[in-house]
Amino acid sequence: MSVLRIVIAGGGPAGMTLAHRLHRHGLDVTVYERDCGVATRDPGYRLHINSTGTTALHAALEPALWELFLATSGMPDEGMPLYDEHLTLRPARDTKATEGVGAPVSDIPEHLVVSRSTLRRILHLGLEQVVRFGVKVVGYRSNPDSTVTVLLDDGQTVEADVLIAADGINSAVRAQRLPHARVIDLGARHIVAKIPLTDQTRAMIPAQLLTTFSLAYDSDHTGLTFGPLERSNPDSPLIKEQDDEFQAEARENFALTIFNSVNEKMMPDAELFTASPQRLRDYVMARLTSWHPALVDTVQLWDVTTVQALTLRSCVPVGAWEPSNVTMMGDAIHAMSSALGIGANTALRDAHVLGEELLAVTDGYRAVVEGVGAYEERMRDYGFRGSATVRGGGRAGDRSPPATRVVGPLRSTAGSGFGPDSRPTALSRGGWMLSSPLSVNGKVVPGSVRVGSRRGQGSMAVAPCRSSSHVSARWCRISSAARLAPTRLRVSIPDGRP
Ligand SMILES: Cc1cc2nc3c(=O)[nH]c(=O)nc-3n(C[C@H](O)[C@H](O)[C@H](O)COP(=O)(O)OP(=O)(O)OC[C@H]3O[C@@H](n4cnc5c(N)ncnc54)[C@H](O)[C@@H]3O)c2cc1C
């Protein structure tokens, strides 16, 4: 078959990882990125990357870029200690939810941390001919000949065989492809900043905070998190091969700190999002007056040029849709609370899975729409698990596993989801989460609903009937070949709970 023309909207972690994978295999791929260059905007702070992410990056990157990624990453201690506001250790918490599902290269730890800016620079290396900076994708037209015309903000258009939206939570492509998909405010606010880690600042920070990601919070669920990034190999010859800006950045160590609070306890949004960085830092200091002085002192160390306020938002899971040659990945389809620390990892997983499917298409094993449908079916299963969940009743900074509560109406595209459209539906404590209608090979099964294990076993149920307290479901385990092996299952639903 002729070479597939693939357009990716957005050069974030998802878009660029997929671009590397496809480019390495000789596909015709172009990325349109709205920013004017790789360093025109600070793309953020620090990312925790687990084996889900490292598996995807390892498969996508040339070996030298992979080594550069490792050299510039931090390898923190295991664990995620939890403190109260007096810096007294609380009982350890289950950190399973932060673990990945990949099979990374054997000698690297499960948890790495990376500077988002350095990762961005690395992901753009070697793809200079692939990325068009300063161009926004604003929409598309599907053509009768199965191609797609991509609409750009400069009035130009470009023809493609596949359009992939990797343009983040406000995705323009998703707005057209799935206009019913919604993004909601999770009711929590963050004030985020970096602390440069130098000999001087390290001496002023409690030693236990310097080794791994830590959380402190009080009985009001106001929290302060601290995530250090110490580069594992700043003297790597691979870093010395890069330009001066890259080298300077790759020598900088810093800690990400987040002050978090539910929004009703935070200053009003109108003030929060217009306050100067200095004012935000003063506000945080004032909120922490009764806290352990060593924790308050860390806020004194904030680099004010990096302080900003953020809203925690999430996509609401939507039911299965018919696949086409326009698809979405990463935050464009399943943005989730940043407090879970797995949004980028899930975006990288999408890049991996979609990359596999598109390579199978070019190898002649599948038609384009079939490949996209297979990706979307897998993605809906794992991707929506973290979306639109309220953690611990909406507390910010709580990294407990994705909650059992699904917010928002669960509407089946076949018109047969659980629960009235206007009311959120809750599922039982047993570790099961209601998501979308079941689809097999990209086709929605009428009258079905999918019940997935929160632990990711990928199991599902077709649920044709419902009483007030339980669902009788035909239990199906779906293999990659979509074989159904029905048995009976009863899923309790605590009806009436919000
Ligand atoms: C404070 C914070 C901390 C986080 N920590 C973690 C963590 O530790 N681990 C983790 O896994 N996740 C974390 N996340 C979540 C993570 O940042 C996202 O899930 C991840 O960045 C999603 O990647 P993406 O490529 O899908 O989208 P994005 O990173 O949003 O990238 C989208 C790209 O598309 C570009 N773009 C946007 N619109 C257009 C357009 N119309 N046309 C062309 N280009 C466009 C943007 O400029 C951007 O480059 C955190 C999030 C926040 C806010």
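What is region 185-313 by shape, rounded, prolate or oblate, if you read a ≥ b ≥ c off the alpha carbon gyration tensor as root eigenvalues and call it rounded for a/c under 1.5, prolate for a/b larger than b/c, and oblate otherwise?
prolate
Mind ordering 22-28, 37-43 by average Cβ neighbours within 10 Å, highest first?
With the highest mean Cβ count within 10 Å placed first, the list reads 22-28, 37-43.
Collect residues whose amide H, placed 1.01 Å from N in the peptide plane, falls under 5 Å from the amide H of MET328; neighbours closer than 5 in sequence don't count.
ALA165
How would you rank ARG120, ARG202, going from fewest to most other Cβ atoms within 10 Å of each one's own Cβ?
Fewest-to-most ranking of ARG120, ARG202: ARG202, ARG120.
How far, in nm, would the chain grow between SER2 and ASP243 when pulled straight, counting 0.36 nm per residue and subtracting the alpha carbon separation?
Taking 0.36 nm per residue and subtracting the Cα distance, the gain is 83.0 nm.
Tell me, MET379, MET75 in order of fewest to most beta-carbon neighbours within 10 Å?
By the 10 Å Cβ count, ascending, the order reads MET75, MET379.
Beta carbons within 10 angstrom, averaged per residue: use that to sort the peptides 189-197, 84-92, highest first.
Output ranking for 189-197, 84-92: 189-197, 84-92.
If you take the C-alpha gyration tensor of region 78-210, multiply each eigenvalue by 5 and take the square root, what semi-axes do you get, largest first, in whole Å?
42, 20, 18
Using +1 at the Cβ of each Lys and Arg and -1 at the Cβ of each Asp and Glu in region 185-313, identify which of PHE259, VAL192, PHE246 lies farthest towards the dipole's positive end.
Comparing the listed Cα positions along the dipole, PHE259 ranks first.
Sorting CYS36, CYS315 on the 10 Å Cβ count, fewest up front, what's the list?
Placing the least packed residue first, the sequence is CYS36, CYS315.
Calculate the translational D of region 54-101 in whole µm² s⁻¹ from Stokes-Einstein, where the hydrodynamic radius comes from the Kirkwood formula applied to all Cα pairs, the temperature is 37 °C and the viscosity 0.692 mPa s.
D = 241 µm²/s.
Which whole-Hz ³J(HN,Hα) couplings does region 325-334 yield from phi under the Karplus relation 6.51 cos²θ - 1.76 cosθ + 1.60, θ = phi - 60°, glycine and proline marked x?
So the Karplus estimates, Gly and Pro as x, are 8, 10, 9, 9, 8, x, 4, 4, 10, 9 Hz.
Read-outs throughout are calculated quantities, based only on the coordinates presented, and are distinct from any laboratory measurement. Just so it is clear, the model here is predicted, and its values are computed rather than measured. When we count neighbours, we look across all protein chains shown, and the Cβ atoms used for this are built from the backbone with ideal geometry, even at glycine.
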